[in-house]
């Protein structure tokens with residue numbers, strides 16, 4: 001819907017009653033406000049709808065909080081979870097007086113990154129394909145107060161319920177870490193996942209497939225195709241919303257937390273990357289290693305070089321580093337390899353044509369602000385091309401071995417990913433010049449990110465007694 005008359009015609013034709021305006025804060029959470037259709041007019045599209053930017057994390061201070069939301073007509077769709085017929089629009093945040101888009105709006109940063117890519121002359125479009133892993137649970141309770149800290153999760157599929165007599169028990173429980181591609185009746189979430197896929201495809205996002213993932217107590221995965229950077233960010237926000245809402249309609253609850261269960265498979269958000277120029281893929285070379293061009297290898301070199309700092313954006317939660325531990329498929333070493341799922345970067349064997357040739361960055365998880373994560377990855381890869389960082393010469397591989405099975409002395413010689421959010425933030429403090437290219441990130445934004453994550457997340461978790469510490473130390 002490129003023209004305003006198209007949207008107003010559509011609103012009348014579909015008998016829309018409400019218009020919902022969605023936008024993302026600095027740390028990756030969606031917010032919204034809703035206006036009745038009587039207030040949706042040309043002024044809404046050109047002047048925006050006012051809101052308090054000082055109440056949005058990472059946006060404005062109290063004394064300069066007035067902002068407006070400018071809808072993007074290309075994101076228009078009907079939100080079928082709402083009872084009054086509601087049109088959903090994703091928005092950019094803008095200054096209330098000048099109507100200039102807000103520089104720290106993550107979505108606007110993504111749009112500027114797409115323009116910067118064109119300016120480099122390296123490529124004119126980047127394509128991104130996140131994978132969505134998540135847990136579907138039947139129940140969760142949690143609390144953290146001065147004298148109490150606990151959480152309790154339940155899943156109908158979990159093997160811990162094999163002896164339950166609370167209600168009719170039909171058996172067919174999935175063993176720990178035994179859920180990969182489980183089939184019904186073990187997989188009792190197939191209908192719900194299928195409905196989730198239908199909801200996603202109704203919004204114009206093609207889905208490759210869905211399946212039960214490794215985690216026995218309800219872990220699932222949905223994969224989509226590739227999209228340009230900003231659209232990939234929009235789609236990610238929308239898909240997470242649709243999945244959660246579909247589950248809620250069935251009295252289930254979904255979490256994209258990287259590690260909600262101890263000693264069970266974590267949930268990542270692997271990201272596949274491609275670059276095109278003049279509609280031609282530039283990551284393919286039939287004569288190159290694994291079919292990759294030298295440009296692709298330089299891009300990989302840039303990502304691996306800057307990965308310790310990148311994780312501050314791609315894995316920005318304390319929980320992220322409970323997933324990045326030995327013994328699971330989550331990567332912990334800065335290496336790349338063909339079909340190697342223990343590597344930080346995997347080159348899929350089956351992606352062997354010019355159009356499909358790509359690689360996958362495996363560390364990220366869905367606690368990231370997807371727009372910032374994709375922008376940071378793009379800037380790191382471009383830095384690798386601009387400085388011709390060859391990943392083999394830099395010592396990142398390629399590795400064909402499962403690094404978890406290497407002897408300790410060999411494994412210890414391979415550079416590791418950060419072990420904690422604090423370590424990743426310190427890496428970002430020391431390595432962020434590559435993020436300043438194109439005037440997309442700023443020093444101030446990066447410092448805001450580091451300070452907020454340290455004070456409001458890392459320190460808040462570190463300073464609290466952990467329930468397991470009672471087991472370890474109560475009787476000392």
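Considering only segment 392-430, how many residues are outside any strand (DSSP E or B), in contact (Cβ under 8 Å) with a residue 60 or more places away in the chain, under 22 Å from the mean Cα position of the chain (by Cα) and surrounded by fewer than 19 Cβ atoms within 10 Å (Cβ to Cβ)?
Residues that pass the stated criteria total 3.
Go through the residues of segment 126-142 one by one and say whether even a single one is without any contact (Cβ under 8 Å) to a residue 40 or more places away in the chain, exposed (fewer than 13 other Cβ atoms within 10 Å of the Cβ) and farther than 25 Å from residue 224 by Cα. Explain how you work it out, then say what you get.
Of segment 126-142, the ones without any contact (Cβ under 8 Å) to a residue 40 or more places away in the chain are 141-142.
Subset that is exposed (fewer than 13 other Cβ atoms within 10 Å of the Cβ): 141-142.
Restricting the remaining residues to those that are farther than 25 Å from residue 224 by Cα gives 141-142.
For segment 126-142, residues without any contact (Cβ under 8 Å) to a residue 40 or more places away in the chain, exposed (fewer than 13 other Cβ atoms within 10 Å of the Cβ) and farther than 25 Å from residue 224 by Cα: present.
With the structure loaded, tell me whether residue 296 is in contact with a helix residue (DSSP H, G or I) (Cβ under 6 Å, 6 or more places away or on another chain) and either under 25 Å from residue 368 (Cβ atoms) or assigned by TED's automatic domain parsing to the domain that holds residue 410 (or both) or whether it fails that test.
Judged against the criteria, residue 296 is not a match.
Considering only residues that are under 21 Å from residue 265 (Cα atoms) and in a helix (DSSP H, G or I), which ones fall in segment 163-193?
190, 192, 193
From the residues in segment 325-340 that are out of contact with any strand residue (DSSP E or B) (no Cβ under 9 Å at 6 or more places or on another chain) and either buried (at least 20 other Cβ atoms within 10 Å of the Cβ) or in contact (Cβ under 8 Å) with a residue 40 or more places away in the chain (or both), which one is farthest from residue 405 (Cα to Cα)?
Taking the candidates together, the pick is 330.
For residue 472, are the conditions met, namely being closer than 19 Å to residue 316 by Cα and outside any loop (DSSP other than H, G, I, E, B)?
No.
Just a yes or no: is a residue in segment 229-239 over 22 Å from residue 196 (Cα atoms) and out of contact with any strand residue (DSSP E or B) (no Cβ under 9 Å at 6 or more places or on another chain)? Steps first, answer last, please.
Taking segment 229-239 and keeping what is over 22 Å from residue 196 (Cα atoms), we get 229-230.
Add one more test, that the residue is out of contact with any strand residue (DSSP E or B) (no Cβ under 9 Å at 6 or more places or on another chain), and what stays is 230.
Among the residues of segment 229-239, at least one is over 22 Å from residue 196 (Cα atoms) and out of contact with any strand residue (DSSP E or B) (no Cβ under 9 Å at 6 or more places or on another chain), which makes the answer yes.
For segment 60-81, how many residues meet the condition of being in a loop (DSSP other than H, G, I, E, B) and out of contact with any strand residue (DSSP E or B) (no Cβ under 7 Å at 6 or more places or on another chain)?
3
From the list 28, 48, which residue is out of contact with any strand residue (DSSP E or B) (no Cβ under 8 Å at 6 or more places or on another chain), modelled with pLDDT of 95 or more and surrounded by 20 or more Cβ atoms within 10 Å (Cβ to Cβ)?
28
Need the failing condition index for residue 230 against (1) in contact (Cβ under 8 Å) with a residue 60 or more places away in the chain; (2) surrounded by fewer than 23 Cβ atoms within 10 Å (Cβ to Cβ); (3) farther than 25 Å from residue 329 by Cα, just the number.
The failed condition is (2).
Scan 176, 107, 199, 112 and give me the residue that is in contact (Cβ under 8 Å) with a residue 24 or more places away in the chain, within 29 Å of residue 246 (Cβ to Cβ) and not assigned by TED's automatic domain parsing to the domain that holds residue 360. First the steps, then the outcome.
Details: 176 fails: not assigned by TED's automatic domain parsing to the domain that holds residue 360; 199 fails: not assigned by TED's automatic domain parsing to the domain that holds residue 360; 112 fails: within 29 Å of residue 246 (Cβ to Cβ).
On inspection, the qualifying residue turns out to be 107.
The values are calculated or read from the model by the stated rules, or taken from the named source; none is laboratory data. Computed from a prediction, not measured in an experiment: that's the story for all the values here. In this analysis, Cβ positions are derived from the backbone assuming ideal geometry, glycine residues included, and neighbour counts consider all displayed protein chains.
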